[in-house]
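Only one structure is covered here, and it is reproduced in the block below.
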Amino acid sequence: MPELPEVETIRRGLGKFVLNKKIVRIEQRCEKSYIANGLSAEGAIITGLRRRGKALLIDLDNNVTMMVHLRMTGQLIYRLIEFGASSGKAGLGGQFAAGHPSENFVAELPNGQTRVFFEFENGFLYFNDQRKFGFIKLMPTVEVEQDKFIAELGPEPWAMKDEELLAKCQRHKKAPIKAVLLNQKVIAGLGNIYADEALFYASVHPERQAGSLTPEEVSLILEGARTVMDASINSGGSTMATYVRADGTRGDYLEKFAQVFRREGKPCPRCGEEVVKLRVAGRGTHICPCCQVNK
Ligand SMILES: [Zn+2]
């Protein structure tokens, strides 16, 4: 579930804890979740955190980069050894937790879903992944751009020009626009949530053939993608801060920005019509049938 805004939130939040810190020890608990490729991260200092699409790139001072893919249920949780010792840190009690929202955010760690963890001088970074589709892969930093996933990735919504998306819609003209938006080679980082929200923003039905869209509609979709992703990044994405409300109850980060996603049966914020759920490109899809007419 974590999408581009969640990974960007992790990059920013985790950076405050691990940047310029040394990885003292690594404990691997699941073989497929940590692919070392004969390289090592032990003893290395983290020199930078970058993001490409939904991949988090953690650069080390030994010219190795750790590529993190959270996929469906991955989480990264950093806990200071001395809880609450320093104020002004993200999360509760001096910790930062983000990714697939679950009770792990507040549970004792490591637990049965911890696949690998990193010991630092002042804390622990846990990679939890219930379904094990996510992974951390080590590679020489100079080879990151040649990695198959990175090399095939389309531009991010902020770096893409309207004409470029329009040209790609023409290239996939028979495909429903939602499928085109989910294609990471077309545009990087748009998953199910933000594709639905961008299409609602632009008042475009997800089943419209990409080739039938006007330049104005394509431009609005791109603007919508940027707008909803910015809103999500600013709200903290699926981090512990949005999962656990100030009063201790469980919150839903979607409520901070989602207009249609997972709001079936609720009124459209624009016209009041009931939001409905469809299946498009094999994915649960949410629309307002009044604002998003299939022309
Ligand atoms: Zn509506």
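Computed from the coordinates by the stated procedures, all read-outs in this text should not be read as laboratory data. Fair warning: this is a prediction, and the values are worked out from it, not measured in the lab. Heads up, the Cβs are rebuilt from the backbone with ideal geometry, glycines too, and the neighbour counts pull from every protein chain shown.
Structural remarks
- Phi-based couplings in Hz for region 30-36 (Karplus 6.51, -1.76, 1.60; Gly and Pro marked x): 8, 4, 6, 8, 9, 9, 7
- Of interest is the spacing of the C-alpha centroids, which for region 227-257 and region 11-71 amounts to 25 Å.
- Assigned charges on the beta-carbon of Lys, Arg, Asp, Glu; region 4-152 dipole about Cα centre (debye): 280
- Nitroxide proxy distance, nm - points 7 Å out along Cα→Cβ at Arg226 and Gln28: 4.2
- Remark: relative contact order (region 1-131) = 29 percent; criterion is Cα-Cα distance under 8 angstrom and separation of 6 or more residues.
- Between the amide H of Gly94 and those of Gly84, distances stay under 5 Å, these residues lying 5 or more places away or on another chain, with hydrogens modeled in the peptide plane.
- Think of region 4-152 as a dipole: +1 on every Lys or Arg Cβ, -1 on every Asp or Glu Cβ, centred on the Cα centre; then among Leu60, Leu4, Gly94, Leu4 lies furthest on the positive end.
- Helical mean residue ellipticity (222 nm; -39500 (n - 2.57) per DSSP H run of 4+; nearest 500) of the chain: -7000 deg cm²/dmol
- Working from label points 7 Å from Cα in the Cα-to-Cβ sense, the Asn20 to Asn62 distance is 2.2 nm.
- Relative protection proxy for 100-106, 23-29, from highest mean packing down: 100-106, 23-29 (other beta-carbon atoms within 10 angstrom).
- Sorted fewest first by neighbouring Cβ atoms within 10 angstrom, Thr47, Thr239 come out as Thr47, Thr239.
- The chain, dipole about Cα centre (Lys/Arg Cβ +1, Asp/Glu Cβ -1), debye to the nearest 20: 560
- Since only Asn192, Leu278, Pro215 are under comparison, the one whose Cα sits farthest along the positive direction of the charge dipole of the chain, derived from C-beta charges on Lys, Arg, Asp and Glu, is Leu278.
- Computed FRET value (nearest 0.05) for Glu119 with Val293, which takes r as the C-beta separation and R₀ as 35 Å: 0.05
- Once both labels are positioned 7 Å from their Cα atoms along Cα-to-Cβ, the gap between Ala107 and Glu152 label points is 3.2 nm.
- FRET efficiency, Ile45 to Glu143 (Cβ-Cβ, R0 25 Å, nearest 0.05): 0.80
- Per-residue HN-Hα couplings for region 161-173 [Karplus 6.51, -1.76, 1.60; θ = phi - 60°; Hz; x = Gly/Pro]: 8, 3, 5, 5, 5, 4, 4, 5, 5, 5, 5, 10, 5
- Rounded to 10°, Cα long-axis angle of helix 192-201 versus longest principal axis of the chain: 40
- Mean Cα-pair separation over length for the chain, i.e. relative contact order, pairs under 8 Å, 6 or more apart, %: 18
- Rounded to 0.05, the FRET efficiency of the Asp247 and Arg71 pair, given R0 = 30 Å and the Cβ-Cβ distance, is 0.45.
- Lysines whose Cα lies under 23 Å from that of Lys132, excluding same-chain neighbours fewer than 8 positions away: Lys32, Lys54, Lys148
- Residues whose amide H falls under 5 Å from that of Val116, counting only those 5 or more places apart or on a different chain, are Arg29, Phe127, with hydrogens built in the peptide plane.
- Difference of contour (0.36 nm per residue) and Cα-Cα distance, Arg283 to Ala167: 39.3 nm
- Residues Arg171, Arg52, Arg283, arranged from fewest to most other Cβ atoms within 10 angstrom of their Cβ, appear as Arg171, Arg283, Arg52.
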